[in-house]
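The values are calculated or read from the model by the stated rules, or taken from the named source; none is laboratory data. As the structure is a computational prediction, the values presented were derived from the model and not from experiment. Quick reminder, even Gly has a Cβ in these numbers, built from the backbone with ideal geometry, and neighbours come from all protein chains shown. Calculation scope for accessible area: heavy atoms of the full protein, side chains included, ligands and nucleic acids excluded. Shrake-Rupley method; radii C 1.70, N 1.55, O 1.52, S 1.80 Å.
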Amino acid sequence: MAHQRFCKVCRGWHDLDEPWPHNCLPEAPQRSDLPCPSVIGDTMSAVQSQLTGKLYDSKSQLRAEYRQHGVVEVGNDPARLRPKPKAKTDRKAVKDAVHKAEARFNRGERTSDRMKFK
Ligand SMILES: [Zn+2]
């Protein structure tokens, strides 16, 4: 039996092997036919400040209040939770260390002599 998924639009089941029915696709946000960029405005439906309880319908004014109180907005980008990449191994430093050790060995230095070096 083919895999199926429940459709929230028509309340039926559709095969996942076939393209999702066009009528059941979520509606795309309404965009203008005019060639202009999507502008993100400053106004929003009223939001209560978590600091003072005041209501704001301006993003910039709410941010200004947060900044004034030293609050840092972190947003919801999951990338901020990813561990930072480890520093790459310094291949040149490893090579240099091996060459130095090789040179010491070839000069006939013993372990006790080597300990005098840092
Ligand atoms: Zn459907």
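Tabulated values for the structure
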read-out	value
21 Å Cα cut-off, lysine pairs counted over the chain (separation 8 or more, or different chains)	6
Integer Hz, Karplus 6.51/-1.76/1.60 couplings in order for the stretch 81-95, x for Gly and Pro	8, 5, x, 5, x, 5, 5, 6, 5, 7, 4, 5, 5, 5, 4
In Hz, Karplus ³J(HN,Hα) per residue of the stretch 69-80 (6.51, -1.76, 1.60; θ = phi - 60°; x = Gly, Pro)	9, x, 7, 9, 7, 9, x, 10, 6, x, 4, 5
Per-residue ³J(HN,Hα) for the stretch 10-16, Karplus 6.51 cos²θ - 1.76 cosθ + 1.60, θ = phi - 60°, Hz, x for Gly and Pro	9, 6, x, 10, 10, 5, 7
With all protein chains modelled, accessible area of residue 3 [1.4 Å, Å²]	140 Å²
Positive minus negative residues near residue 64 (Lys, Arg vs Asp, Glu; Cβ under 15 Å)	0
Accessible carbon and sulfur surface of the chain relative to its total accessible area, %, 1.4 Å	55 percent
Potential lengthening between residue 44 and residue 15 on full extension [0.36 nm per residue; Cα-Cα distance subtracted]	6.5 nm
The chain, helix-only ellipticity at 222 nm - DSSP H runs n ≥ 4, -39,500 (n - 2.57), divided by all residues, nearest 500	-7500 deg cm²/dmol
Most to least accessible of 20, 13 (protein chains only, probe 1.4 Å)	13, 20
Sequence ranges 31-42, 50-61, ranked by mean other-Cβ count within 10 angstrom, highest first	50-61, 31-42
Stokes-Einstein D for the stretch 1-52, Kirkwood Rh over Cα pairs, 37 °C, 0.692 mPa s (µm²/s)	210 µm²/s
Global form of the chain, assessed from the alpha-carbon gyration tensor, a/c cut-off 1.5	oblate
